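One structure below.
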């Protein structure tokens, strides 16, 4: 990976926070890969390899800004400030989970953090993020919304409808496309025209707002671009689209078959966003090798504590399955 | 008492609530300056302006998804999908998003949206502009389904639906929009989950929804002349359902005909019949009869459309059949 301009122009605290966030996501997901195949039920979708996108974009957002994400939503939740104990709690289906165990991985949400839900429908969260921006406009607030989704989801009609409405209503929305190359078991190059595959951001043009293609594995580039996009939206200039090119290192869901050539996956491991940032931080004297090791130990301990918290949390009572169907009945 | 059109009653409900809540808005294509495809929102754009009465592109799924996003961040939404036939375009936003959020997020937020849509035929609008899908939504936990048959019911129920914290499918009927009904000047609401006896009787219970209430009342008037006293019960909301009042009527008359404009097969009549058979079996002196559209798409010309859609004669036939038993 080429060295870019020095990252010192971003404050050291911000860089360290970006690093720690990516580490948290990586370790959370890596442990989850074991847990989902042993102690937990259901399905989880790994964000390993894509950490720079969640970390970089969420670092550019305020706590009261909104995000929506997808089935691959653990990274965004952590980056927005999610507590890993309550997240694991949810993945274990326990009462101390974010949704009292009712949702599991797919719709994990915390409205206090502005996380309006992961979503089991790949483009389902996109118009919801646009709606949150419409609400922000109605309330004369300067809150911004970010919608995270994959390039697979971008082919659903809902993306088109949401992007069009965001542009005509001039809404403060940042659309973040995570181009991770694989739409479950299908290469994205087969579902996008060859003239578009390296320029997915071009689709923004049809709605009249800016779109930019960036290296989604460079957390500094993601952060800087996100800051530009968020400021653009917050200052009333309307939507912005960032196409982050990255790679889904793990399989579609944890434990799935892998039809990809091993060489392809190994090649992408060489562009690991966390390794990349570590190298750059050391080269530029932001952090020492032993600081990195200390951080890893600290985060690893936090992850283990979180898992233990979740294990100890009680399972929900069966009758609680009938609660919350309605807010008010009749 | 003054008489106003069904559409005006709906309009008044929206206006009254929007004047109280600056974060309540109406969205749909043609609701703005055009005044709505059925002239329901006439004059509202002039009063409330952009974003409060907001014209939308033709994007049902997106605009209901957008409505969900506004509703979980402090606003309330009314979305007008003028023809119920267009609702399949929005099934994800209604079924997978709006209906699920309060539950799947364990009560963190609810989704206070009302989807207003007009169903029904008898106007030669043909296969893709005449359908009735209320039962699809009865089947989705998390949704409420309201079907008023009069302007009085519509206004009171819509005000309740708007202030309800949950997503409500508010089903109107194209033929009823110009019909005039007595509606008080003073504000009032009707709670969801309360059925209404539109006509008292003792020989047979006719449960009818939406426009079929009027067919049932006409049939009941004819039955009176034959010496048959029919009780016409209007559930007004299918979810929540006022089982108590409906079953009370069945236990009194011992015979039931259920009438809806939707197709008989898989229609709400089956759901209602099963509830009655389960909870009032001992009171029944005859099988439960259902009247609805025959199981074919709604065709264009009058001669064919009338053959498929339910008629007064169908209701009379059903009553006669079960009274013989």
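Nothing in this text is a laboratory measurement; each read-out follows from the coordinates by a stated rule. Being a predicted model, the structure only gives us computed values, none of them experimental.
Calculate the tail of P(r) for the stretch B:196-324: the fraction of all Cα-Cα distances greater than 26 Å, expressed in %. Pairs farther apart than 26 Å: 15 percent. Along each principal axis, taking the top coordinate minus the bottom one, the Cα set of the stretch B:2-91 gives 38, 30, 20 Å in descending order. Every Cα-Cα pair of chain A was included, and the share exceeding 35 Å stands at 19 percent. Percent of Cα pairs in the stretch A:83-122 per distance bin of 5 Å, from zero to the largest separation: 7, 31, 32, 23, 6, 1. With respect to chain B, whose longest principal axis is taken over its alpha-carbon atoms, helix B:243-253 is tilted by about 20°. The Rg/Rh ratio of the stretch A:86-185, with both radii computed over alpha carbons and Rh defined as the Kirkwood radius, is 1.02. Alpha-carbon geometry of the stretch A:27-147: the Rg and the Dmax are 14.1, 48 Å, given in that order. Round to the nearest 10 and give me the degree value, 0 to 90, for the angle of helix B:312-324's Cα axis relative to the longest principal axis of chain B. Roughly 40 degrees between the two axes. Extents of the protein assembly as shown, taken as max minus min of Cα coordinates on every principal axis and listed largest first, are 98, 52, 45 Å. From largest to smallest, the equivalent ellipsoid semi-axes obtained for the stretch A:204-272 from the alpha-carbon gyration tensor read 31, 14, 10 Å. Helix B:212-225: angle to the longest alpha-carbon principal axis of chain B, degrees 0 to 90, nearest 10? Approximately 30 degrees, to the nearest ten. Rg then Dmax, both in Å and based on the Cα atoms of chain B: 19.4, 60.
Among DSSP beta bridges whose residues both lie in the stretch A:7-322, state the antiparallel percentage, nearest 5. Roughly 10 percent of the DSSP beta bridges within the stretch A:7-322 come out antiparallel.
Calculated on the Cα set of the stretch B:3-182, radius of gyration then Dmax: 15.0, 46 Å. Within the stretch B:67-155, the proportion of C-alpha pairs whose separation exceeds 16 Å stands at 59%.
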